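Below is one structure, written out as structure tokens; the observations come after it.
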Amino acid sequence: MKRSLSATLALLMLATQARAANPWDDRSLSPDKRADLVLKKMTLDEKIRLVDGEFGSVAKLNGQDVEPPAEALMGSAGYIPGVPRLGIPAQYETDAGLGVATQGNTRDKVRERTSLPAGLATAATWNPDLAFRGGAMIGAEARASGFNVMLAGGVNLTREPRNGRNFEYAGEDPLLAGTIAGAEIKGVQSNHIVSTVKHFAENDQETGRAIVSVDLDDAQARMSDLLAFQIAIEQADPGSVMCSYNRLHGTYACENDELLNRILKKEWGYKGYVMSDWGADHSTAKAANAGLDQESAWVFDGQNRFGEALKAAIADKSVPMKRLDDMVHRILRTLFDKGVIDDPVAQAQVDSVKDAAVSQADAEESIVLLKNDKALLPLKPGVKKVAVIGAHADVGVPAGGGSSLVYPAGGNAVPGLAPETWPGPVMFHPSSPLKALKARFGQAEVAFADGADLDAAAKLAAASDVVIVFARNWDGEAHDEPLTLPDNQDQLIAAVAGANANTVVVLETGNPVTMPWLTKAGAVVEAWYSGTSGGEAIARVLFGEVDASGRLPITFPASADQLPHPVIAHIGEDNVPPFDLDYPEGAAAGYKWFDKRALTPLFPFGYGLSYSTYAYDGLSAKQEGGKVTVSFTVKNTGTRAGKDVPQIYVGRQGDGWEAPRRLAGWEKISLQPGESKQVTLTVDPRLLAHFDGKSHKWVIAKGSYDLSLGASSRDLRLSSSVTLEEKRF
Ligand code: BGC
């Protein structure tokens, strides 16, 4: 059937009008315009509802159970009703960065979903593509579970290697952490849902997190903690920023005008909305005027700050109506911008087999080979007797605790370990390393010992050809942990490795640990919290089915004495009054502190062995119009295919930086034996500059800069330099 052009156009217009029931449905308009159109139609009560978050699970307030709204998704982190008459959907919030979590205190059946390895593990891949794929996978599971806001994107810098939440974050370097968290957030948001970046800012330890005041010089913060956020935000444009529990220079993060209004919104031009962490909003007018846009799960704040209280503040003009409009505008424009409104979430089946493969690929590249004497690894089939010892490796792999915990399909492999309630339960994903190893050892006799009896374990080790001993800790929210392995595991490893030099130690920790038995062990790998398919990933790396290609995103100290704070003030104490925490290291977090002080760590930042070897050649650095690029060649000089992570560090000749050098770039490359690749990297100008606190500008000082190429922050092999003119930006 043929139609005239005008009839076709008329039909098209009709169809468009049918869809565009409201003017803001027009997708050709900008998110800001669409938000403004909705805003004009909203009543005061509707505006208030949009900035006033509910908890999505049962909570206790003054000893009483507070029920979540009936519409909230069971056991979820949060719920904000929509405005149905205007077609604005409710916001359904779920934790977190490793997958779709369930609130620990839910009375309902938990959601069983796929868990990525620890965020720190993903950072150890040094592979932003994997971080993106992981984010895309967990975002898809969030979407399929009915959530349109995911509380992912943890990027607090590791200053305190005993911080119980480091496993959720991305390590100690702002460029690496910002890049990895940014890639993950992008992946989450590729599902047309919102991701946060959190916890803004300087929430770098759990001890006293809600009362501590961090005193870090602003310029130093811009070159460290805040730079990690800035990079993640630039790369991914997260829909929301979650402000943190702590105070900065005496003012809570969620009512900190300098942090939220001036730096985030004004200087960085951030257009999304700021939500408070659960219990981090301490005021109404002060917080709203300082830049907080949405109170989360108000019941944790002890009272509702952004409900009736905000309405009263609007009435008495302590919060201008203009400000409320801005809060609402920011939320609406984000929901348009990320596709939440145009592509509403709908519950669907999760493809857990496909998703587990994504998690496994991440875990495999995250495992760091720390020591491999006499090429004990990769393991070889054909041995007769094998001992696998410790850390419940017969049944599963450990997870970290707290709000990020993803409950696995098949249930907890080791139920009943304390604490069973918040920040527990202590969880093991049911992916058995023992089973995966057995499947590869062929005819060998593989025995398991739980490691509780040291003598029995040592005896078994002595009678075996090869021993694989697992050790773990339990890091989690609301507590910091020492650098030492708990539960006599150091003694266990020492006994086993003392009995058999062919001992492989597999660490499953959320943080660095000390290794008093290191000289005795034949091989050591750091496998972190390895997620849903961790057992399989560990076995594949130990057998060399994939290369060991993880590199440390965090320094392993030789002892706590090397740290800026050898002891964490008030650790483990109850009823501590508010206290101040200074950062003597300033911007020199992690390896920068170790370099500045010439301290020798146990293992340095960036370190990790491969099953192959690599040579670096032809390093050249040049600057054109102030833009610095670095080129070099990497060759696989070994006999196996492998992956290397060549790293560029930059240092300023003379004085003036927080530390001798900063990570300025890297590449994760796959190389066949004998293969070479040329790499070219561009250096972010901020990494050549210092931040000037007075002018609020980055300043590249005139002078010479060394660009070094290495296999870790302490294994620099080639160096080149450039001369730069002064530049302020
Ligand atoms: C955590 C956040 C989390 C929130 C919701 C808080 O305790 O700090 O990271 O997203 O709870 O569960």
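The values are calculated or read from the model by the stated rules, or taken from the named source; none is laboratory data. Everything numeric here is computed off the predicted structure, so don't read it as measured data. Here Cβ is always computed from backbone atoms with ideal geometry, including for glycine, and neighbour counts include all displayed protein chains. Side chains included, ligands, DNA and RNA excluded: accessible areas come from the protein's heavy atoms. Shrake-Rupley method; radii C 1.70, N 1.55, O 1.52, S 1.80 Å.
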Report task. Could you tell me whether A346 is in contact with a Lys or Arg (Cβ under 9 Å, 6 or more places away or on another chain), in a loop (DSSP other than H, G, I, E, B) and closer than 30 Å to S464 by Cβ? Result -> no
N304 meets each of (1) outside any helix (DSSP H, G or I); (2) open to solvent by less than 10 Å² (accessible area, probe 1.4 Å) with one exception, condition (2)
For A539, the lone unmet condition from (1) assigned to a loop (DSSP other than H, G, I, E, B); (2) out of contact with any Ser or Thr (no Cβ under 9 Å at 6 or more places or on another chain) is (1)
When every residue in the stretch 23-51 that is of a type in the set (G, A, S) and not in a helix (DSSP H, G or I) is compared, the one surrounded by the fewest Cβ atoms within 10 Å (Cβ to Cβ) is S28
Residues in the stretch 215-236 that are of a type in the set (D, E, K, R), under 21 Å from G269 (Cβ atoms) and open to solvent by 20 Å² or more (accessible area, probe 1.4 Å) total 2
Log entry, pairs with first residue in the stretch 17-41 being under 17 Å from D325 (Cα atoms) and charged (D, E, K, R), second being modelled with pLDDT of 95 or more and surrounded by 13 or more Cβ atoms within 10 Å (Cβ to Cβ), beta carbons closer than 7 Å, six or more apart or on different chains, reads D32/R333; R34/W24; R34/F336; D36/H329; K41/L86
Only one of (1) more than 16 Å from the ligand (Cβ to nearest atom); (2) among the small types (G, A, S); (3) open to solvent by less than 20 Å² (accessible area, probe 1.4 Å) does not apply to G424, and that is (1)
- Query: Right, G654: open to solvent by less than 40 Å² (accessible area, probe 1.4 Å) and at positive phi or not?
  - Reply: no
Of the listed residues (K668, K677), the one being open to solvent by 60 Å² or more (accessible area, probe 1.4 Å), modelled with pLDDT of 95 or more and within 23 Å of Y611 (Cβ to Cβ) is K677
Result of the Cβ filter at 6 Å on the stretch 457-474, keeping first residues that are over 15 Å from A521 (Cβ atoms) and partners that are in a strand (DSSP E or B) and open to solvent by less than 10 Å² (accessible area, probe 1.4 Å), at least 6 apart or interchain, is L460/A387; R472/P398; R472/E508
Scanning the stretch 691-729 for residues that are under 30 Å from R262 (Cα atoms), among the hydrophobic types (A, V, I, L, M, F, W, C) and within 28 Å of the chain's Cα centre (by Cα) gives F691, W698
If you go through A313, A290, the only one that is among the small types (G, A, S), surrounded by fewer than 24 Cβ atoms within 10 Å (Cβ to Cβ), farther than 30 Å from K694 by Cβ and more than 16 Å from the ligand (Cβ to nearest atom) is A313
When the stretch 383-414 is checked residue by residue, the ones that are within 16 Å of the ligand (Cβ to nearest atom) and among the aliphatic types (A, V, I, L, M) are A399, L405, V406
Just one listed residue, out of E526, E536, E445, E477, is within 16 Å of the ligand (Cβ to nearest atom) and over 12 Å from G390 (Cβ atoms), and it is E477
Scanning the stretch 251-283 for residues that are charged (D, E, K, R) and touching a Phe, Trp or Tyr at 6+ places or on another chain (Cβ under 8 Å), the one nearest to the ligand (Cβ to nearest atom) turns out to be D277
Taking the stretch 58-73 and keeping only residues that are of a type in the set (A, V, I, L, M) and within 16 Å of the ligand (Cβ to nearest atom), one is left with V58, A59, L61, V66, A72, L73
The residue that is nearest to Q294 (Cα to Cα), considering only those in the stretch 52-72 that are open to solvent by less than 30 Å² (accessible area, probe 1.4 Å), of a type in the set (G, A, S) and assigned to a loop (DSSP other than H, G, I, E, B), is G53
Conditions (1) at pLDDT below 90; (2) aliphatic (A, V, I, L, M); (3) open to solvent by less than 70 Å² (accessible area, probe 1.4 Å); (4) more than 15 Å from the ligand (Cβ to nearest atom) -> L11 fails only (3)
By residue number, the members of the stretch 528-547 that are in contact with a helix residue (DSSP H, G or I) (Cβ under 9 Å, 6 or more places away or on another chain), open to solvent by less than 40 Å² (accessible area, probe 1.4 Å) and farther than 28 Å from A96 by Cβ are L542, F543, D547
With criteria (1) touching a helix residue (DSSP H, G or I) at 6+ places or on another chain (Cβ under 9 Å); (2) closer than 24 Å to V525 by Cα; (3) open to solvent by less than 30 Å² (accessible area, probe 1.4 Å); (4) not in a strand (DSSP E or B), A588 comes up short on (2)
Within the stretch 74-89, residues within 13 Å of the ligand (Cβ to nearest atom), outside any loop (DSSP other than H, G, I, E, B) and open to solvent by less than 10 Å² (accessible area, probe 1.4 Å) come out as S76, A77, G78
The number of residues in the stretch 175-202 that are surrounded by 24 or more Cβ atoms within 10 Å (Cβ to Cβ) and more than 17 Å from V241 (Cα to Cα) is 2
Worksheet item: Is at least one residue of the stretch 324-334 assigned to a helix (DSSP H, G or I), within 22 Å of S276 (Cα to Cα) and of a type in the set (S, T, N, Q)?
Response: yes
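This table checks each residue for (1) within 15 Å of the ligand (Cβ to nearest atom); (2) open to solvent by 20 Å² or more (accessible area, probe 1.4 Å); (3) among the β-branched types (V, I, T).
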residue: T207; (1), (2), (3): yes, no, yes
residue: S213; (1), (2), (3): no, no, no
residue: M242; (1), (2), (3): yes, no, no
residue: H249; (1), (2), (3): no, yes, no
Flagged in the stretch 220-258 as over 17 Å from the mean Cα position of the chain (by Cα), among the hydroxyl-bearing types (S, T, Y) and over 22 Å from D95 (Cα atoms), in numbering order, are T251, Y252
